[in-house]
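Quick notes on the structure that follows.
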Amino acid sequence: MKYVILVIDDEVNIVNILTRLLEGKGYEVHTALTGARGLDLAARIQPDLVLLDLMLPDMSGLDVLRRIHEGCDETQVVMLTGYGSVKSVIETMKAGAVDYLTKPAGEEQLLLTVEKNLKNIHLIREIEFLREQDRKKYSFNYLVGRSKGVMEIYRNALSVARSDSTTILIQGDSGTGKEFLARFIHYRSNRGEAPFVEINCAAIPENLMESELFGYEPGAFTDARIRKQGQFELAAGGTIFLDEIGDMSMLLQAKLLKFLDSMTFKRVGGTRDITLDIRIIAATNKDLGRAVEAGEFRNDLYYRLKVVEFSLPGLVERRQDIELFARAFLEECAKRLKRKVTDISDEAVASLEEYHWPGNIRELRNVIERAVIVCDGEVVEPKHLTLSGPDMESRTGGDDPLLATSLPEEGIDFQKTIENVSRELITKAIRTTDGNRSHAARLLGIPRQVLLYQMKKLGIDDE
């Protein structure tokens, strides 16, 4: 692929030097001596990279930078400045420049900067391509954002996918997309055509976990009349995704470590070693490092799992991705629910970007799905969003009956109302955390034991 570079600088000698140097490296180079000419060329040729002088005769380089990004949001812009002040550098970076060079820049430094930033645009395009493919096949196009931290995660994910046996640990709060990152790695690897088997370690009772993972032989226990393959065998050649690994018992941790060391196991009640070729990807919303210090997780298993480690940020740490996710969810939900909802207003986007998102991406998806259902037109407005928290009621136009400032004349059943409110809050917390009771308790600000007691008292089932 031949990259297109646009040089915008009013110094003819510098333009000629840059042109000769870059064309010598095989790049297609276009030049402009004014900002206006540069903008015209950028609109026509859609360059991969622009080398832009900060001081131009007809307009500010900052103005040119902003207008380039309005029409070519993928274009990488490197600023050229003879005024290497901290202030000018900060201004250009805030406006969207990816890098800067102080004139006169050496040939080696210039070429290294150009090559580095062209790699960035190659990565963006590769991920956009993969996202489109996954959108058609696996429906997780919305997981790839544009924030720098997430781009780095997916750059590393693409690299580790090529290593079919590397064990991976993914950490992050509930709803940040741990499962989808695991699937992304699986389907990008040579194991992509083999099974992807997910096991939620928090959802299976401890006494059943071993037989669920490794299977059992006839007579291994009461009612074990026939041989049963475990999830590990069902994933042969593919990937096992152990979600919420932090909730696995110490006994099972020891058995998992033994399997990882030898890639062999015995079914419950069996005597024959079975060898498997699978990749293990584990995930947790717990801090496993602290769990190790507290004696709740095996130190040797922790380091065996984190050969490659990913830490997924919460949605509040990547607010620039919220609109991207929201529009992708809207398109998906509208199609699935057969609703003629095609857009989301700027005001609704602003509400989404200001919200604190305790349930992260999963909560955003639920909010958008409900908005699509209740929307009475083609555009989602703030009134269609169900968001909770300080000052959100006025932005979303919601009227929560639980927060009404007046009481009916006939009065209320106080105890029953409190129970209803408690039931709704606990149920919402359980759903938001996908059944993880420890995390749900943290969201509600109560001890786990209190949560379990209230669930039993109120008859709440998290299944």
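The values are calculated or read from the model by the stated rules, or taken from the named source; none is laboratory data. Fair warning: this is a prediction, and the values are worked out from it, not measured in the lab. Note that each Cβ is placed from the backbone with ideal geometry, even for glycine, and that neighbours are counted across all protein chains shown. Side chains included, ligands, DNA and RNA excluded: accessible areas come from the protein's heavy atoms. Shrake-Rupley method; radii C 1.70, N 1.55, O 1.52, S 1.80 Å.
Of the GluC sites (Glu not before Pro) found in region 190-268, those that fall in a DSSP loop while having at most 13 other beta-carbon atoms within 10 Å are E193.
May I ask you to rank M250, M209 by accessible area, largest first, using a 1.4 Å probe over the protein chains only?
Working: M250 90, M209 10 Å².
The residues order as M250, M209, largest area first.
The longest part of the chain holding none of the exposed loop chymotrypsin sites (Phe, Trp or Tyr not before Pro), meaning those outside H, G, I, E and B in DSSP with at most 13 other Cβ atoms within 10 Å, is 222-463.
Restrict the search to region 199-273; then list the trypsin sites (Lys or Arg not before Pro) that DSSP places in a loop and that have at most 11 other Cβ atoms within 10 Å of their Cβ. Could the numbers behind the result be given before it?
Details: sites: R225, R227, K228, K255, K258, K266, R267, R272; in loops: R225, R227, K266, R267, R272.
Of the trypsin sites (Lys or Arg not before Pro), the ones in loops of region 199-273 whose Cβ has at most 11 other Cβ atoms within 10 Å are R225, R272.
Accessible surface comparison of M248, M93, probe 1.4 Å, protein chains only, largest first: the order is M93, M248.
Run the accessible area of the chain with a 1.4 Å probe and give the carbon-and-sulfur part as a rounded percent. It is 49 percent, rounded to a whole number. Shape class of the chain from the Cα gyration tensor (axes a ≥ b ≥ c, square roots of the eigenvalues): oblate, since a/c reaches 1.5 or more and a/b does not exceed b/c. Between amide H atoms placed 1.01 Å from N, distances below 5 Å from V268 occur with G215, Y216, E217, all of them 5 or more places distant or on a separate chain. Only helices enter this figure: runs of n ≥ 4 DSSP H residues, each worth -39500 (n - 2.57), summed and divided by the residues of the chain, yield -15000 deg cm²/dmol at 222 nm to the nearest 500. Taking 16 Å as the straight-line reach from the Cα of K335, the lysines in range (excluding those fewer than 8 positions away in the same chain) are K136, K137. Near the amide H of E198, within less than 5 Å, lie the amide hydrogens of F241, all on another chain or at least 5 residues away, with H placed in the peptide plane. Applying the Karplus relation 6.51 cos²θ - 1.76 cosθ + 1.60 with θ = phi - 60° to region 308-313 yields 3J(HN,Hα) values of 10, 10, 10, 10, 8, x Hz, where x marks Gly and Pro. Shown here for region 25-87: GluC sites (Glu not before Pro) in loop regions (DSSP other than H, G, I, E, B) with at most 14 other Cβ atoms within 10 Å, namely E74.
Would you mind working out the accessible area per residue for region 8-71, using a 1.4 Å probe, and quoting it in Å²?
Numbers: 3120 Å² over 64 residues.
That works out to 49 Å² for each residue.
Annotation: amide H-H contacts under 5 Å for V7 (H modelled 1.01 Å from N, sequence separation of 5 or more, or interchain): H30, T31, A32, L51. The lysines whose alpha-carbon is closer than 22 Å to the alpha-carbon of K255, local same-chain residues fewer than 8 away aside, are K228, K266, K286, K306. Using only the Cα atoms of region 255-335, build the gyration tensor, take square roots of its eigenvalues as a ≥ b ≥ c, and label the shape rounded, prolate or oblate: rounded if a/c is under 1.5, else prolate if a/b is larger than b/c, else oblate. It comes out oblate by the Cα gyration axes.
Ranked from the most accessible area to the least, with a 1.4 Å probe and all protein chains present, what is the order of K286, K335, K116? Kindly include the intermediate steps, with their values, before the conclusion.
Details: K286 60, K335 170, K116 110 Å².
My answer, sorted largest first, is K335, K116, K286.
Pairs exceeding 18 Å between alpha-carbon atoms, taken from K2/K116; K416/K456; K25/K148; K178/K456: K25/K148; K178/K456. Here the Karplus relation 6.51 cos²θ - 1.76 cosθ + 1.60, evaluated at θ = phi - 60°, turns the backbone of region 249-263 into coupling constants of 5, 4, 4, 5, 4, 5, 5, 5, 4, 4, 5, 4, 6, 10, 6 Hz, with x for every Gly and Pro.
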